[in-house]
Amino acid sequence: MVRVILEHLPELGEHNAGQFVAGAVMMTGAIWTHAHPAAAILAAYEADPSLEFMRMDFVPALREMLELLLSGLLARRPQGSDEPVVS
């Protein structure tokens, strides 16, 4: 997957492409779980309309999180460098 990312965004650099792939895998699992809640959670949403903000559609939520991750990785990368930024 790193190779595919680098084909489209070579400026990301190998290290950050790896970070993106790892983060994408973790976020996908977390967002999938949240977007497909158990029956008890769905019942809570129905019983208490103030919880509506917690509902999540998988595709738009994942897209937004991946865009944020990618934007952050690109923004913090030193210009013209493949070296990771150490925070």
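Couple of notes before you dig in:
- Flag for R63 being within 22 Å of the chain's Cα centre (by Cα), at pLDDT 95 or above and basic (K, R): yes
- In region 25-41, the residues that are assigned to a loop (DSSP other than H, G, I, E, B) reach residues that are of a type outside the set (A, V, I, L, M) with C-beta atoms within less than 9 angstrom, at least six apart or across chains, in these pairs: H36/F58; P37/Y45; P37/R55.
- Near pairs, Cβ below 6 angstrom, 6+ apart or cross-chain, from region 54-77 (touching a residue at least 40 places away in the same chain (Cβ under 8 Å) and within 15 Å of I5 (Cα to Cα)) to any residue that is among the small types (G, A, S) and part of a helix (DSSP H, G or I): L66/A24; L69/G23
The values are calculated or read from the model by the stated rules, or taken from the named source; none is laboratory data. As the structure is a computational prediction, the values presented were derived from the model and not from experiment. FYI the Cβ positions are ideal-geometry reconstructions off the backbone, even for glycines, and counts take in every protein chain you see.
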